[in-house]
1. Enter the buried accessible area of the B/C pair, total of both sides, probe 1.4 Å, in Å² rounded to the nearest 100.
2. How much accessible area does A:L399 have with a 1.4 Å probe, in Å² rounded to the nearest 10?
3. Whole angstrom only: what separates the Cα centroid of segment A:215-289 from the Cα centroid of segment A:485-515?
4. Determine the shielding of peptide B:264-270 by partner chains: average, over its residues, the number of Cβ atoms on other chains within 10 angstrom of each Cβ.
5. Rounded to the nearest whole Å², what accessible area per residue is found for the protein assembly as shown with the 1.4 Å probe?
6. So which chymotrypsin sites (Phe, Trp or Tyr not before Pro) in segment A:172-270 are both in a DSSP loop and have at most 10 other Cβ atoms within 10 Å of their Cβ?
7. Taking the mean number of other Cβ atoms within 10 Å as a proxy for protection, how do you rank B:10-16, C:224-230, C:384-390 from highest to lowest?
8. Can you list residues from other chains, or at least 5 along the same chain, whose modelled amide H is less than 5 Å from the amide H of C:F241?
Amino acid sequence: MQENKNISFGHNEFNIQGKVKGAMASFFKRRKKSIQISKNEEPGSGQEKKKEETGPMQAGKSEESSAGKSGEASQKQPDALYTSLAANLDKIKRKTGNSPDVVIRPIKVGGAQAELETAVVYVKGLVDDQSIHDFLIESLMNNAELQKELSPEKAMKTIKDDVVAIGGIKSVKKWDDLFADLMSGNALILIDGSEEALMASTQGGQRRSVQEPTTNVAIRGSKESFTESLETNQAMVRRIINNPDLWVESMNLGKMTKTSVSIMYINGIAKKEIVDEVRTRLKQIDIDSILESGYIEQLIEDQTMTTFPTVYHTERPDAVAGNLLEGRVAVFVNGTPFVLLAPAVFIQFFQSVEDYYARFDISTAIRFLRVLIFFISLVGPAVYIAATTFHQEMIPTALAIIVAAQRESSPFPAFVEAIIMEVTFEILREAGLRLPKAIGATVSIVGGLVVGQAAVQAGIVSPAMLIVVAITAIASFATPSYAIAISARLIRFLFMVSAAMFGFYGLILALIMLIVHLCSLRSFGIPYMSPLAPVIPSELGDTIVRKPLWAFGKRPQLIAAENRTREGKNQKPKPPESRGMKHYTRKEEKDET
Amino acid sequence: MEKARISAFQLFILIVLFELGSAMIVPLAIEAKQGAWLAILIGAAGGCGIFLIYYALFRYYPDESPVHFVRHIIGSVPGKIVAFLYILYFLYLSARVVRDFGEMLITIAYVETPLFVLNLLMVLLAVYTIRKGIEVLARTGELLFIVLAFLFLSAFLLIAAGGTLDYGNLKPVMGEGLAPIVKTAFTQTIYFPFGEIFAFMMIMPYVTDPKKVKRTGLLAITASGFVLASIMAANTGVLGVELVNRSLFPLLATIQSIELADFLERLDVYFMLAAIIGGFVKITLFLYVSVAAAADLFKVKKPSQLAYPLGVVVLLLSIMIAGSLPEHIQEGIKLVPLYLHLPFQVILPALVLLVAFVRHKGRGKEGEAK
Amino acid sequence: MKRKWILFSTMMISMAFLSGCWSKKELSELALISAVGIDRDEDGNYMKAIQIINPGNVSSGLQGGGGGQAPGVTVITAEGKSIVDVHINASAEISRQLYHPHANLIVIGEDLAREQPLNTLLDSFDRNAEFRNTAQLVIAKKSPAADLIKVLSPVEKLPSEKIYKTLDVTEKMRGENITVSLQDFIKTSASPGIEPVLSSFTLEGDVKEGKKQENIQQSQPETIVKADGLAIFKEDKLVDFYSGNMARGVVWILDRVKQTDVLLDWKKNKDAITYSVIRQSTSVSADTSKDLPEITVNVKAEGMIRETEAPVKLDDPNVIHELEKTAEKEIKEQLERTVKQTQNKKTDIFGFGQTVYRKDADKWKKLRNNWNDDYFPNLKVKVNVDAFIRRTGLRTAPNLSEIKEKYE
C-alpha cells in the first residue's frame, strides 16, 4: 500500500507535468511539494490527513490522485489506453459519436516486412493544418528510421525524439487526458501495441486577430486589445512585462467545457495571500461550463448581494500590465477578450489607463469630472423629483417659474414622468445596442424624434424632465467602466423611489445607505473603498486626483507585497542648469560655428 | 465584542462626527449670549478633563469592554447593574437624538409627515449599519467626514462672501461678565455634547494602537470644540443673539440667509445634508454602543441580532419621551444634564476609577512585597 | 431567515405605497406667491393682497404660451382676524395650494404700520418655516399695500420682482433706500439700542389703470410704483418718512451707502458740481467715559467729479483740494442735520445705543430703559468727514468758453 501511494503521487505529478504548459515556475513549486509529501509519508498515518496538511494546492489534485490510486491498486487502470490500435480508435469514435470533424488518418510505418499500424487523430478546425501536414504526417511517412523494422516501443521513442518537428510533444496514458488534449486542438499519434499515445501540440485554426479595443477606448496608448485566445492574451502581457517574475498558473475549469483558465501575477509584487485566495476560489469552482470570464467573476466575488463589481475586467493588455505591477492578480479565461483583475477597489472603476499617460493636472481634472458624472448619473432624476415634488422652495424662483410653466400641461406627477422617461430611455438604449449598426442608427433617430420632440410638443412630458433624463443618460455613458455605469443605472431607480416618497430626506438616507453598503464591501479581503475609507494618506494621490508620475513612490500597501518600491528617489525632471549644463544661447552658438 | 479593528484616525473622525452630531444644529450654549462660543470652548476643555477619567479607566483594561471590567472593579452583581443602567442610558440618548432629528425634519420641511415614519427611516438606517459592524461604520464615517468637511468649508466661504456676517453682533463678549459663560459651560456644554464621548468607552478597545487613544481623543474633542464654537459664532454673527436665542435651528436660518450671485441661495439642502449626516453618526453610535454592551452583558453570541429589537426600543422611546417639542427641549436643557449626564458621565466613572485606582495600588504594593 | 427577509421587504414596500408621500406636493398644484401686501380695514380686520405667479404667462418662450397677452400675476385679496386666518380664507379664492417660499416681497400699508408694532404682525412669517426670511419688507407710502401689489410693472414681468430689483438698484446708485429683509427687520427690532428703518414705495397714478394690462402696453405707463425714501420706526411703529438727503443721511450713517451723488456749491454757483461717491466707509464709535456717551461718526468717502456747470480748473490739485473741503463740509452738514432731526423724533435708528452696548455693556445697562426718550435726543454727536476726489473723468476743464476769462 505504501508503495502504491508513492506511485500514485508520482503519477499524479507526471500528469500535472504534462498538463501545465508554459508555467515552469509554478510547476517547480508543485513538484517540490509533492516530493515533500512522499518523503514525509509515515507508515500507518492516513493519507487524508496528509492531504489536508498540504493545503489548497493539494486539495485541487485530490480527484486525479484518487483516480490514479484506485487504478494502480487493481494493477490495471480502467482509464488506461488499450494496447490495440483498433480498440483505441473504436473507443475514440464511439466517444466522439463518429463526428466527422474528428479526423483519423491511418499511417503504416516499420517497413514493408513488419508493418506497424499507426494513426494520427485530430479535430479539424482546431488544429493548425499546416503543422499537421508538414511536420506530422509528412515526417511520419518519409522518415527513414521509421521505414525499418520496429517494435511499438521503439517506434514511439523514435517518433517522439526524431520524427515530429513540433515543439510540444508528450505521452498520454489515460483516456481523460487524451480527450482533453484532443478536444483542445492537439494531434494524437497512436501506435498499435503501445499503451501510450503521443500528443503533439498543433493548436491553431481560425482565430480573431488582434484588434483595437472596443470597450476601454483610449486616445493615447496601445491600440491592442485582447482576443479570444488565452495564449495570445498571455503573450501580449508578457510582451509588455519582460520579466521572469511574471508567473502564470493554469487550470481547466468547467466539467463539460474544460475551459483553460490561468492566473497571472508578478512574483514578489503580488501578495501571496491574495494569490492563494484567488487560486483557492478558482479551484472551488465546480460548474459544468465556463463560457466567459463573467462566469468566473460571479463565482469568485466576495459578496453577491451588490450591484457593484468587486472584480475588475478589461480588454486592454496595458491595463492588465499596470494592475499586475500594482500587485493585482489577473485571471485569463480562454474564449473571451475580457481579463479579470482582482482585488478591485471602487475608485479603480473611475480610472482609465490614459490617466497615467497624460500629465497629472489633466488626469486629475478628468477624474474629478468622472466622479461628478457618476454622481449625476446616480442622483440626477432623483434630485429633480425631490426638488419639484417636495422642496420647491429650494429652486431659485426664476427656475421654479419655468419648471412650473412646463409642468402645467403635463398629465403625470413628476415621479411617474421620470419613470416613464427613464424606462423609455433604457428601452431605446437596449434596442440600439442589440440591433445591427445600420438599424441602430434608425432606432436612435426615431427614439430621439419621438421621445424628444413629439412627447414634449404633445405636452406628455416636460422639457425640463427631458433635459434631466438626457444629461443622466449621457453621464452614464461617460463613466469609463461599463460595469459601474450599469450599477449606477440600477441604483438610480431606487434613488428615484426614495426621493419620490420622502424628498431629500429619503434621498440623503439612501445615499448614506449606499455609502454604508460600499464601505461594507470587500474584494478579496481588501476594503472596497480603500484608500478613501479606510484612508491611506500616502495613496490618496492616486484616487480622484492623480499625483505627478515622478511622485509615485510606492505601490498600494494593501495590495502589493514586500516589494513596494515603484520608482527611485528624485524622479522629478530638472532643468539642465542644475547639472551644470550651460545655457544654450545665441552667443554660444556663434562661438561654436 | 466583535472581532474588529479601527485605526486611531478613524476613532478621531468618529468622535468629531459624533460631537458635531446634534450639537451643531441647536442653539448650543445660547444662555451665554455673545459668549456662547467661549462657553463651548470651555466646555470642550472640561470635556477633555472628563475624557481623561475615561482614558484612565481604559488604561487599566485596554482590551476589555467596560461591561466586563466594571465587574472586575466593583464586583459581579453591582457591575452588572451598572452596565445595565448604562445600556438604558445609551438607549435613551439615542432616542433623544432620533427625536431631535424627527422634530427638526417636521419643523423645516415635512409638516404633514408623522414623526413615527421619519424616525423609523432613520432607525432602520442605523440598524442596517450596525449589522455591518463597527469597522464599516468607521469607514463610512471617513467618507461622510469628507462630505461634511466640504459642506462646512463651502458654507463658511459663502457666509463670508455673502456679506451677511457682522462681527459687531459678537460684541460684547462678556456683557454680563464671565459668570454666565462659565455657568453655561458647566451646566450644559461639558455634558452635551462633549461628555457624551463616554460612549466611546465601548469603542476604544477596538483601536489598533491603544497608545494613540489619548492623543486622538483630546485632539478630537478640541477640534470639534473649535468647529462648534465657530458655528455658533457664525450663527451669532449672522443672526444676532436675540434671533439665535429664539431659533430652534439657528444653523438653518444662517444658511438660509446666504444669498450670493442671485443663484447661490435657498441652500436648505446643505443644512439637511449636514444635519442628517451628523445625526446618523450619533444615533448609530449610541445604538451600536447599547447593542454591543447588551450583547456583552447578556452573552449574546451575535451582537447584530440585538440591533433590530433595540432599534425598535429606540424608535418607540423616541416617540414616547415627550409629548411636544418644547417639552422635549426643556427636558434636554433642564433635566437631562443634571439627573442623567452628571451622574452617568462624571460621578459614576469617577467613582469606578477611584475603586480601580485603590485596588490596583493595593495590588501593586502586594507585588512589591512579594 | 429568507422568509423573514421576504416578509420584511414586503412590509416595507407596502408601507411605502400605502402611506408614503405625506408632504408631497406637485409643482402644478401650487400657487406660487410672489408678494403679499397687508393692510387693515376700518373694523380692525387684516386685509391681505396676495400676488400669485401665472407661470405660463411669465415664461413666454415656452411653446408660444401667451406671454404678453395676459398678466404674469393674479392678485387675490382676503380678510381675517389674524394673518394666518386671512391666509386660510384666501384659499377660497384660488384653485391651488398657496405656496409661500417664493414670495420675496412683503408690503405693509402705512396706516397699519403706524397703528401696530410690526414685530407682532410679522410673527407668523417668522414662525412659519415655509416663509423665506430673506423676503424684502417695504412700506406703502400714502396708499394701501394692496394697491402696490396690484399694479402691473413695465420691463419686469413680475411686479414683485420690479419692486425688489428697484430697491436693490436704487440702494446701489442713489443711497436713499436700503434693502431690509424680514430677518434683518426682526433682528434689528429685537436688538437693543437700535430701531429699524424700512424703505418706502409710493404709487403714482390711478391704481385702477395700473391693474390693467394696457398700462404697460404704452411707452409711458400711467401708473407706476417708485421707491421713495425711508420709513422711520420707533418701537416697531412707523413714525415718519424721510426722503432725499435726509434718507441718505440715515443710510450713510448706517454705512450702507455704496454710490451716491453729492451736489457741491462752487463760488456763487449753487449745486454746480456733481461729486460722485464711488466708495465710502463709515464707522460709529462711542466714548463712554462720561455720564452721557459721546458719539463720533467717521466718514471716509472716495469718488470723482462727474459734472460741472461752473468754470472750475479741474487740472489744478489745489482746486481739487478745495473741492474736497467743500464736499466734506456739505456731507457733514447733511449728516448733522439728519442726526439732529432724528434726535427730535426720539428714535435711535442709527444704532448709537448698540454702539454703546458693544463698547460698554455695564454703562448700557444704566441707560437702556429710557434710551430713546431721554438719552438719545441729548447725545453729543460729532461727524468727521474725509472726502477724496480721485479723478475727474475723461476731460479736465469744462467747456464753458465764454467764461474762460473768469478763471483768473
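1. 2400
2. Around 90 Å² of this residue is reachable by solvent.
3. The distance from the Cα centre of segment A:215-289 to that of segment A:485-515 comes to 36 Å.
4. Numbers: counts 1, 5, 12, 1, 7, 9, 1.
The per-residue average across the peptide is 5.
5. On the way: 61470 Å² over 1371 residues.
Per-residue accessible area for the protein assembly as shown comes out at 45 Å².
6. On the way: sites: A:W175, A:F179, A:F226, A:W247, A:Y265; in loops: A:F226.
Listed in order of number, the matching sites amount to none.
7. Packing proxy ranking, top to bottom: B:10-16, C:224-230, C:384-390.
8. Result for C:F241 returns C:I232.
The values are calculated or read from the model by the stated rules, or taken from the named source; none is laboratory data. Fair warning: this is a prediction, and the values are worked out from it, not measured in the lab. Positions of Cβ are generated from backbone atoms using ideal geometry, with glycine treated the same way; all protein chains shown enter the neighbour counts. In case anyone asks, the SASA skips ligands and DNA or RNA and just uses the protein heavy atoms, side chains included. Shrake-Rupley method; radii C 1.70, N 1.55, O 1.52, S 1.80 Å.
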